[in-house]
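One structure below.
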Amino acid sequence: MTPWLYLAVSVGITVYFIGNFENLGYATGMLPYHEWVLSIFVTVLITKVFFVLMMFLGDIGRFFYGLVNNLVKPKSKVIKPFFPARRKFISQIALGVAAVPFAGLFYGMLKGKYDFKLHRETLHFDNLPDAFDGFTITQISDIHSGSFDNDAAVQRGIDLAKAQKSDLFVFTGDLVNNVAKEIEPYLDRFSQLKAPYGQFSILGNHDYGDYIMWPSEEAKNANLDKLKEHHKTLGYRLLIDENVEIEKDGQKISLLGVQNWGRGFRKAGDLDKAMKGVDKDVFKILLSHDPTHWEEKVRYNPTTIDLTLAGHTHGAQFGVEIPGFRWSPVQYRYVDWAGLANEKNRYLYVNRGFGFLAFSGRMGIWPEITVITLKKTV
């Protein structure tokens, strides 16, 4: 990678985004090809940073070697220059190190973003009605349909979710990036997700259309209304600060759903309204897009909510998850950013997301389908 190549890519991407600024900001937002351009730029930038850091470490070695030689050797003696040019092996090491993020990020763009993983959790509760012992829930979150660029790969993820044959299906927000029409090519596909006890959904922060410019407030509201209609077309019961009863063999649990409520984002969700009419002792499941809602409003609420299902973070679409260790840059923004959290038997599960946004890829944090099994504590 030469400086001229990097400069050409940087200038080309800058010109591209300036030329497409109106589309990026007005009633569309980023489309798949915008995300690809941005992703290539990020990949080149990160690769360059790794290369420069390795070369800089070589320069530090040269500096201290030269300093020691000048202090130790007599001044009268002619000292041959050390590394008049960077040794070839240092450049090769730098290229080798830089090739790791380069290859990893390109894998994430070409394959990783559709490498769907199934995550299973079995949770035990004292107050779970006997009829719901073994009840299963499939959760997906953050579809971000406006980013998809491979219909067959999307269908593989849907097929994996269908294959679980769970009792209940839930979707926890961000159906689109910005505009309701983004989901329209995929309505037939995601409407395949059915469950005997129903399909339920909520809104995420991106569903409101807050991140692009609209010609009027009326146009923005009309977009949201259209998106709500798409939930109906999908066969999803959209819960907007409300609750429904799920009944099995004469016993019931309550499913609550709120609008988006997130620290640093839109705080539209009304938990009190969602719990209106719900018996305080009944087993409750809450759908809430942003995990900070659980952190700030749910886990210490006077009324116990047994299980909250969220998404939103995507796990930053980048990180490391191996047995005994996990890391992602998103952990510096969110305490609970993926998987299970528990506060005195009040559980939160954060789905890593089905889709992707901005960076057209995933590396280390793969797209997720979650299956949760509820068990009665014996």
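The values are calculated or read from the model by the stated rules, or taken from the named source; none is laboratory data. As the structure is a computational prediction, the values presented were derived from the model and not from experiment. Here the Cβ is made from the backbone with ideal geometry for all residues, glycine too, and neighbour counts use every protein chain on show. Only protein heavy atoms, including side chains, enter the accessible area calculation; ligands, DNA and RNA are left aside. Shrake-Rupley method; radii C 1.70, N 1.55, O 1.52, S 1.80 Å.
A few remarks follow.
- Leading residue by the ranking (farthest from T377 (Cα to Cα)) among those in the stretch 256-290 that are charged (D, E, K, R) and touching a helix residue (DSSP H, G or I) at 6+ places or on another chain (Cβ under 9 Å): R266
- Of residues in the stretch 168-210 being open to solvent by 10 Å² or more (accessible area, probe 1.4 Å) and among the small types (G, A, S), the one nearest to G353 (Cα to Cα): S191
- Any hit, the stretch 225-243, residues being assigned to a strand (DSSP E or B) and without any contact (Cβ under 8 Å) to a residue 12 or more places away in the chain: no
- Residue match in the stretch 37-46 (condition: modelled with pLDDT under 95 and open to solvent by 60 Å² or more (accessible area, probe 1.4 Å)): yes
- Qualifying residues in the stretch 167-210 (those that are outside any loop (DSSP other than H, G, I, E, B), charged (D, E, K, R) and more than 19 Å from the chain's Cα centre (by Cα)) - the one farthest from T136 (Cα to Cα): K181
- Pick from the stretch 211-224, criterion part of a helix (DSSP H, G or I) and more than 25 Å from P291 (Cα to Cα), ranking: least open to solvent (accessible area, probe 1.4 Å): N223
- Any hit, the stretch 233-244, residues being polar (S, T, N, Q) and crowded, with 20+ Cβ neighbours inside 10 Å: yes
- Some residue of the stretch 266-288 being of a type in the set (S, T, Y) and buried (at least 22 other Cβ atoms within 10 Å of the Cβ): yes
- Cβ-Cβ distances below 8 Å connect the following pairs, each with a first residue in the stretch 146-167 that is surrounded by 12 or more Cβ atoms within 10 Å (Cβ to Cβ), a second residue that is small (G, A, S) and assigned to a loop (DSSP other than H, G, I, E, B), and a separation of six or more residues or different chains: G146/G29; S147/G355; S147/S360; F148/G355; D149/S360; S166/A195; D167/A195.
- Residue match in the stretch 116-128 (condition: part of a loop (DSSP other than H, G, I, E, B), more than 19 Å from S191 (Cα to Cα) and touching a Leu at 6+ places or on another chain (Cβ under 7 Å)): yes
- Which numbered condition R263 misses (of (1) out of contact with any Ser or Thr (no Cβ under 6 Å at 6 or more places or on another chain); (2) open to solvent by 30 Å² or more (accessible area, probe 1.4 Å); (3) part of a loop (DSSP other than H, G, I, E, B)): (1)
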